[in-house]
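Here the structure comes first, spelled out in structure tokens, and everything after it is commentary.
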Amino acid sequence: MKLSFGSIVAAFALLSSPSASTDAFVPKQHKAFQPRSVVLSSTTTVADVPTTPIQGMKPGTSGLRKKVEVWQGKEGDKYYVENFIQSLLDTATEKNEGNVPETIIVAGDGRYYNDEAIQIICKVLAGNGVSNIWIPQGGIMSTPAVSSAIRTREGGIADGAIILTASHNPGGPGEDFGIKYNEAFGQPAGEDFTDKLYEKSLEISSFKTIEGASDIDLNAPEGTTYQLTDASTVTIIDPFKEYIDVLKGCFDFEALSKFAKRPGFSLLFDGMHGAGGPFARKVFLEELGLPESCLLRCDPRPDFGKCHPDPNLAYAADLVKKMGLAADGSADPSADIAALPALGAANDGDGDRNLIAGAGCFVTPSDSLALICDNWRAIPHFSKSGGPKGVARSMPSSGALDVVAEALDIPFFSTPTGWKFFGNLMSSKELFDKTDYTPFLCGEESFGTGSDHIREKDGLWAVLAWMSILMKANEDVAEGEPLVQVRDIVNEHWAKYGRHYYCRYDYEGVESDAANKVMDLIREEFVDGDISTILADESGIKLTAAEEFAYTDPVDGSQTSKQGLTLSFEYPSGDPARVVYRLSGTGSAGATIRMYLEKFEGDKAKHDQSAPTALKSLADRALQLVKMEELTGRDSPTVIT
Ligand code: VG1
Ligand code: CO
């Protein structure tokens, strides 16, 4: 039996429409059917189609993100996807000494245009002679699952993966679609690659594709093959296997499934209708035996149920409330803490971000990273090697990790924003034969956490890390006694290391010119200017230093400049604080200014404020110094996380 593309879309729409009856996304609709080989090559021909360069195909922090209509060619550039994929393949081929990559995975986060883009991309890959194309059944895979499959499927033979996602950006008509490329070790392509791709996109004159092929049934049974040309075959693969195996290598699933049944433990996981949902279902329900009721929004939908699939305090509001938290992350005094889930978590659209909360306790991503580091003994991936051998955070993330790394004497790195900058550190031995930093732990303030088990941040990994930490904290607690809670672990951590109050102000959709003016002002007046003449205002907060972050990769020596502007401050008490400014590289229109605020508080008696309250006077001082309102017309941020 072979479905036409129309019926596939219809089947997918049925599964993922809001009216579909349950939360249960079951990609294996064709379970009863056997895999088979479909030969399409007798009717197909390879065509070289003339095209012209399209402006603006420069990938940002993580892939190229544009409005879906741009990708669909509705904005005038008919071959948008084809041009991008041809430029990408030409770059990969050049990097591979002129040989076209042999095996490529094509998978997406299920957002609107996912399935259509997969069909187009397969044809371009086949036209170029990519011999082995792997597509997950249903077309959907979380980004960490793709990274796992590149690294380990069939012994790690994949040359790379084309991942269709705009990650935490909303999806659906009028919203975002995106494509990124991950290379052979599972890591996001670095800037050398994306710069080349961009150059090629400005020189392209034709792309290769195949004509005369009917569409592939993305929901065909695993193992089904489609021979597109004599040289090129698509295989439908199991989305789950490699990823689940990789997670099993990091954690003790047997012990976790026992802990999952312990009275007092419960989990609430919000998939935000992204690609992580089906994977959460596999892990939490099938592997750990947790009940269906622990899952929220775990059926992928093309528009993420109209939500903004970014797991933070603002966009995961429902979960945040269910965890007994107010919108600013502080404990809601009216919540009955004893009745709340012990662990709450959310993932983003492509399943690589995570939000972690305990009952009445929001754990900031920067704190989460530091706590995972300090509690490495709870996580087999680290404990079997005697702890992490290297740790890193993105520069704007808080210094909470730094103090733990120092106390534990672990090599520490501060990198530019974006997961691609962690890749070399994790592969320093296997790719460069240099000092081995694995097991490696790293994270970003933007709700990204992970390790060297793959080369992407990993939403479910973070949840399992926290479940493992809770399990270890309770190993000596007698049955029937109340469990040690996330908030106990966090409070103890702050008492030991001090608290790094942290929050981020985002100004979204600012005009590019205005955003650049803010950055220029900081550069000219503070970084290059004389700050000794700038006096403290009535808050007493004094500007003490200003710098622009540039990075030299410690492994391959590559350099990256203009990665954020930092203003350092001192409170009248002598406590240090800092504010970092960056322009986002993941938006699809206008500019987003991010302002990251951080203040260290060593005094245990002062650890119980909400972060936005503790940072309010610093924020006011910082906004006034950079003339935010005057230059952008904004008197408040779009979102505070
Ligand atoms: C944002 C985050 C960054 C993250 C990137 C990709 O980038 O700040 O930390 O790596 O998104 O995450 P930017 O340039 O907008 O600040 V995802 O989950 O969107 O792939
Ligand atoms: Co993401």
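Across the stretch 402-514, how large is the tail of the calculated P(r) beyond 18 Å, expressed as a percent of all Cα pairs? Present the calculation step by step, with values, prior to reporting the outcome.
Working: 4222 of 6328 pairs.
Within the stretch 402-514, distances greater than 18 Å cover 67 percent of Cα pairs.
Could I have the simple spin-label model distance between residue 230 and residue 154, label points 7 Å from Cα toward Cβ, reported in nm to one decimal?
Computed distance between label sites residue 230 and residue 154 equals 2.1 nm.
I'd like to compare 229-239, 35-45: which one has the highest average count of other Cβ atoms within 10 Å, and what's the full order after that?
Per-residue mean Cβ counts within 10 Å order the peptides as 229-239, 35-45.
Evaluate E = 1/(1 + (r/R0)^6) for residue 338 and residue 47, where r is the Cβ-Cβ distance and R0 equals 56 Å; express this FRET efficiency to the nearest 0.05.
In this case the efficiency is close to 0.25.
Quick one: compute the contact order of the stretch 475-557, relative version, from alpha carbon pairs under 8 angstrom and 6+ residues apart, as a percent.
16 percent
Would you tell me the accessible area of residue 556, worked out with a 1.4 angstrom probe on the heavy atoms of the protein chains, in Å² to the nearest 10?
About 80 Å², rounded to the nearest 10.
Considering Cα pairs under 8 angstrom that are at least six residues apart, work out the relative contact order of the chain and quote it in whole percent.
Computed over the chain, the figure is 13 percent.
Per-residue counts of other Cβ atoms within 10 Å, averaged by peptide: what ranking do you get for 175-187, 57-69, 343-355, highest first?
343-355, 175-187, 57-69
Would you mind calculating the relative contact order of the stretch 466-620 from Cα pairs under 8 angstrom and at least 6 residues apart, reporting the percent as a whole number?
Working: 228 pairs, mean separation 42.1, N = 155.
Relative contact order comes out at 27 percent.
Would you mind working out the accessible area per residue for the stretch 150-195, using a 1.4 Å probe, and quoting it in Å²?
Dividing the accessible area of the stretch 150-195 by its residue count gives 28 Å².
Which order do peptides 597-603, 520-526 fall in by mean Cβ count within 10 Å, highest first?
On the way: 597-603: 19.3, 520-526: 16.6.
Highest-to-lowest ranking by the protection proxy: 597-603, 520-526.
What's the Kirkwood radius of the chain in Å, using all Cα pairs?
Kirkwood radius, the chain: 25.3 Å.
Along the principal axes of its C-alpha atoms, what lengths does the stretch 193-346 span, in descending order and rounded to whole Å?
63, 37, 28
For the stretch 39-80, what does the convex hull of the Cα positions come to per residue, in cubic angstrom?
In the stretch 39-80, the Cα convex hull volume per residue is 133 Å³.
Note down the accessible area of residue 426, probe 1.4 Å, to the nearest 10 Å².
Near enough 10 Å² of accessible area.
In the stretch 120-254, what is the volume of the convex hull around the alpha carbon atoms, normalised per residue and reported in Å³?
Each residue corresponds to 158 Å³ of Cα convex hull volume.
Between the stretch 211-278 and the stretch 149-176, what is the separation of their alpha carbon centroids in Å?
After rounding, the separation between the Cα centres reads 13 Å.
Using the scaling law 2.2 N^0.38 Å as the reference, what is the normalised Cα Rg of the stretch 424-465? Spell out each step's value before the answer.
Details: Rg = 11.0 Å, N = 42, 2.2 N^0.38 = 9.1 Å.
Compared with the compact-globule rule of thumb, the stretch 424-465 sits at 1.21.
Add -39500 (n - 2.57) for each DSSP H run of 4 or more in the chain, then divide by its residues: what number comes out at 222 nm, to the nearest 500 deg cm²/dmol?
-8000 deg cm²/dmol
Please compute the per residue accessible area over the stretch 37-148 with all protein chains in place, 1.4 Å probe, rounded to a whole number of Å².
Here the residues of the stretch 37-148 average 33 Å² of exposed surface.
Each label point is 7 Å from the Cα along the Cα-to-Cβ direction; what then is the distance between the points at residue 408 and residue 488, in nm?
Taking the simple label geometry, residue 408 and residue 488 are separated by 2.1 nm.
Give the dimensionless ratio obtained when the Cα radius of gyration of the stretch 140-217 is divided by 2.2 N^0.38 Å. Display every interim value, and only then the final one.
On the way: Rg = 15.1 Å, N = 78, 2.2 N^0.38 = 11.5 Å.
Computed over Cα atoms of the stretch 140-217, the ratio equals 1.31.
Taking the 0 to 90 degree range and rounding to the nearest ten, how far is the long axis of helix 114-127 tilted relative to the main principal axis of the chain, both from C-alpha atoms?
With both axes taken from Cα atoms, the answer is about 60 degrees.
Using the Cα atoms of the stretch 20-175 to build a convex hull, what is its mean projected area in square nanometres?
It is 11.7 nm².
Check which residues have an amide H placed less than 5 Å from residue 390's amide H, if you skip close sequence neighbours.
Under 5 Å from the amide H of residue 390 lie the amide H atoms of 441, each far enough along the sequence or on another chain.
Note down, for the stretch 297-429, the three equivalent ellipsoid semi-axes (square root of 5 times each alpha carbon gyration tensor eigenvalue), biggest first, whole angstrom.
Numbers: eigenvalues 170, 76, 38 Å².
They are 29, 19, 14 Å, listed from largest to smallest.
Just grab the label-to-label distance for residue 286 and residue 496, each label 7 Å out from Cα along the Cβ direction, in nm (one decimal).
Each label point is offset 7 Å from its Cα along the Cβ direction, giving 3.7 nm.
In degrees between 0 and 90, to the nearest 10, how far off the longest principal axis of the chain does helix 459-473 point, with axes built from Cα atoms?
Approximately 50 degrees, to the nearest 10.
Whole angstrom only: what separates the Cα centroid of the stretch 550-603 from the Cα centroid of the stretch 492-527?
6 Å
Just to confirm the filter: which chymotrypsin sites (Phe, Trp or Tyr not before Pro) across the stretch 228-285 are DSSP coil and have at most 15 other Cβ within 10 angstrom of their Cβ?
Counting only loop positions with at most 15 other Cβ atoms within 10 Å, none of the chymotrypsin sites (Phe, Trp or Tyr not before Pro) in the stretch 228-285 qualifies.
Counting other Cβ atoms within 10 Å, which trypsin sites (Lys or Arg not before Pro) in the stretch 541-594 have at most 14 and lie in a DSSP loop?
Those that pass, being in a loop and sparsely packed, are 562.
Once R0 is set to 56 Å, what does the formula 1/(1 + (r/R0)^6) return for the Cβ-Cβ distance between residue 206 and residue 254, expressed as a FRET efficiency to the nearest 0.05?
The computed FRET efficiency comes out at 0.50.
Using modelled amide H (1.01 Å from N, peptide plane; none on Pro or chain starts), what sits under 5 Å from the amide H of residue 60, excluding residues fewer than 5 places away?
For residue 60, whose amide H was placed from the backbone, the distant partners under 5 Å are 65.
Probe radius 1.4 Å, ligands and nucleic acids left out: which of 292, 82, 154 has the largest accessible area, and how do the rest follow?
Per-residue accessible area, sorted high to low, gives 154, 292, 82.
P(r) for the stretch 314-365: what percent of alpha-carbon pairs falls in each 5 Å bin, starting at zero?
5, 24, 34, 22, 10, 4, 1
Beyond a 28 Å Cα-Cα separation, which of these cross-linked pairs lie in this structure: 282/389; 95/562; 196/282; 472/604; 67/616; 208/434? The partial results should precede the final answer.
Details: 282/389 31 Å; 95/562 26 Å; 196/282 39 Å; 472/604 24 Å; 67/616 35 Å; 208/434 40 Å.
Result: 282/389; 196/282; 67/616; 208/434 exceed 28 Å.
For the stretch 264-368, what class follows from the C-alpha gyration tensor (a ≥ b ≥ c being the square roots of its eigenvalues): rounded when a/c is under 1.5, otherwise prolate if a/b is larger than b/c, else oblate? Intermediate values should be presented prior to the final figure.
Working: a/c = 1.86, a/b = 1.26, b/c = 1.47.
Judged from the Cα gyration tensor, the stretch 264-368 comes out oblate (a/c at least 1.5, b/c at or above a/b).
In terms of modelled amide H atoms, which long-range or inter-chain residues lie less than 5 Å from the amide H of residue 615?
Amide H neighbours of residue 615, under 5 Å, 5+ apart: none.
From the phi of every residue in the stretch 156-163, what ³J(HN,Hα) in whole Hz does the Karplus formula 6.51 cos²θ - 1.76 cosθ + 1.60 yield, where θ is phi - 60° and glycine or proline is x?
Coupling constants for the stretch 156-163: x, 7, 5, 7, x, 9, 9, 10 Hz.
For the chain, what % of the accessible area comes from carbon and sulfur atoms, probe 1.4 Å?
49 percent
So between residue 327 and residue 33, what do we pick up on full extension, going 0.36 nm a residue minus the alpha carbon distance?
Values: separation 294, 0.36 × 294 = 105.84 nm, distance 4.79 nm.
Result: 101.0 nm gained on full extension.
Using only the Cα atoms of the stretch 514-641, each taken as one equal point scatterer with no solvent, compute I(q) by the Debye sum, divide by I(0), and report log10 of the ratio at q = 0.20, 0.21 Å⁻¹.
For the requested q values the scattering log ratios are -1.25, -1.33.
The values are calculated or read from the model by the stated rules, or taken from the named source; none is laboratory data. Note that the structure is a prediction, hence the values are computed from the model and not measured. Counting neighbours? That spans all protein chains shown, and the Cβs are built from the backbone with ideal geometry, glycine included. The accessibility values were calculated without ligands, DNA or RNA, using every heavy atom of the protein model including side chains. Shrake-Rupley method; radii C 1.70, N 1.55, O 1.52, S 1.80 Å.
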